[in-house]
Each structure stands twice: as structure tokens, then as C-alpha cells.
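Written out below as C-alpha cells is the structure these notes cover.
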Amino acid sequence: MAAKLSGGGGGKYQVEQNSEINVTPFVDIMLVLLIIFMVAAPLAAPSVDVTLPRAVAPLAPNPPKPIYISITGDGQAYLGDYALGLDQIGSELQAQIGRRNPADERIFIRADKSVRYGDFMQVMNSLQDNGFYSVALVGEDTDRQ
């Protein structure tokens, strides 16, 4: 005896089509992966305290006209000497460089050591959203002995 799977007519063995997606197996797999990553992530972080030596790299030559972004301790951002909002930096840089390719421009960021990480990342995200990918962080020069 055979079951009728499609076609017209109703009968004892008629099977209706089900167009709903069963997401239960997908959720189960995602929860297992989440647990695996939650267990494995702390194992990947180094837990040994070490005192790193100072990096002694030769000074790189500055570009002909460097573009500096400064972030003060209170979160105020400056493009050159002009104060801007943190979210305006990318668009102002686009206007400043004109028709040149933003990927070819090198941006130097000077940030106070008390700047909140969120403010710094907002500047970085604004730069990346506007196509500026070459970013250098400026630190204080130390005496070489």
C-alpha cells in the first residue's frame, strides 16, 4: 500500500506540506558553541605577569604634512588645532583631504593617558567608517641609554 504525497484529492494517507522551519536544532547548536567559546576564551588569555622591555625602534620619518588628531583627558577631540565632536572627525578629514584617497593618508592620533577607551574607539570607528585605515599612535619619546 502506498501513501499519496502530493496532488489533488483527499484520502486516508494524504500528507500536508509543512512550510515552517524548525529552529530548535539550530538553537541547540548555537548554545553548545557559546558554551565552548565561554570555556575556551579564558584559556587563550595569558595569565603570567611579565615586565616587558622598552621597544627600541628607529624613528620613522614623518610624512610631508602630517594629520594629527588629539584627544584630551576630558574626551574633547581636536583635528590639528580645531576642536570637533568625536563623531565629526571622519567627515572633517574627508573634507580636508579633498579628492585624495583616504586609504593613502596616514593619521597620527595623540591621546591623553586618561582618555576613556570608549572615546578612543569612537574616533577609530569614525576613521574606519570614512576609509582611513592607516593610523599611527603617538607616544612620548623616552631617553635612550
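Only the coordinates and a few stated rules stand behind these numbers; no lab work does. Just so it is clear, the model here is predicted, and its values are computed rather than measured. Reconstructed Cβ throughout: ideal geometry from the backbone, glycine too, with neighbour counts over all protein chains shown.
A Cβ-based charge dipole, computed about the Cα centre of the range 67-137 with Lys and Arg at +1 and Asp and Glu at -1, lands at about 180 debye. For the pair ALA57 and LYS113, a Förster radius of 30 Å applied to the C-beta separation gives a FRET efficiency near 0.90, rounded to the nearest 0.05.
Note on THR24 and VAL135: the model spin-label points, each 7 Å out from Cα along the C-beta direction, lie 4.6 nm apart.
For TYR68 and LEU31, what does the FRET efficiency come to when R0 = 35 Å and r is the distance between their Cβ atoms, rounded to the nearest 0.05?
That gives a FRET efficiency of 0.15.
Ranking of ILE35, ILE109 by neighbouring Cβ atoms within 10 Å, starting from the fewest: ILE35, ILE109. The percentage of C-alpha pairs in the range 67-137 whose separation is greater than 17 Å is 32%.
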